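A.B. asks: The structure is given below, and queries will be raised subsequently.
The values are calculated or read from the model by the stated rules, or taken from the named source; none is laboratory data. This structure is a prediction, so every number in the text was calculated from the model and none was measured. Backbone-built Cβ (ideal geometry, glycine too); neighbour counts: all protein chains shown. For accessibility, only protein heavy atoms count, side chains too; no ligands or nucleic acids. Shrake-Rupley method; radii C 1.70, N 1.55, O 1.52, S 1.80 Å.
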Amino acid sequence: GSAADIIKVAMITIHSVVGDGIEKSKSSVEFAERFHMLKGRCRILLQVHDELILEADPSVMNEAGMLLKLSMESAASLLVPLIVKLKCGRTWGSLEPLLPG
C-alpha cells in the first residue's frame, strides 16, 4: 500500500511538470520552475511496480533523470531516506546507470 502511494505522488509531480495545461500543486511549483526545459520533451511512459519509465529527448536526459530522482525521493517523509537508482538506454535491455552530472 505505501509503495503504491509513494509512486503515485511521484507520478503526479512529474506529470504536472512535463504535461501541458496541468494545474500545479504547491509542492510541484518548485520542480516546474527548475525543470521547465522538460515540458514537451519528456513523458511518463510506464510504471512497473516501484519503477517509473520516462521517455525523454536525449538533450535533456540528465534533467529528466534528476526530476525523476527528486520526485521519487521527496514523495514521502520517512524515518529512512528513499534511495533512487537511475538507468537510461534506448531499450530496456540496454539500460546502464545514469550518473548525475
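A.B. asks: Can you tell me which condition residue 89 does not meet? The list is (1) open to solvent by less than 60 Å² (accessible area, probe 1.4 Å); (2) closer than 17 Å to residue 17 by Cβ; (3) of a type outside the set (A, V, I, L, M), and all the others hold.
C.D. replies: Single failed check for residue 89: (2).
A.B. asks: Considering only the stretch 35-59, how many residues are surrounded by 16 or more Cβ atoms within 10 Å (Cβ to Cβ) and either among the β-branched types (Val, Ile, Thr) or closer than 12 Å to residue 88 by Cα (or both)?
C.D. replies: Here the count works out to 4.
A.B. asks: While we're looking at this one, here's another question. Give me the pairs: first residue in the stretch 76-99 and over 17 Å from residue 50 (Cβ atoms) and of a type in the set (Gly, Ala, Ser), second residue part of a strand (DSSP E or B) and modelled with pLDDT of 90 or more, beta-carbon distance under 9 Å, and six or more apart or on different chains, which are they?
C.D. replies: Final answer for the pair search is 89/96.
A.B. asks: Need at least 3 residues that are modelled with pLDDT under 95 and within 11 Å of the chain's Cα centre (by Cα) per element, so show me which helices (runs of 4 or more DSSP H) inside the stretch 1-97 make the cut, counting only ones lying wholly within it.
C.D. replies: Qualifying helices (runs of 4 or more DSSP H): 2-18, 61-73.
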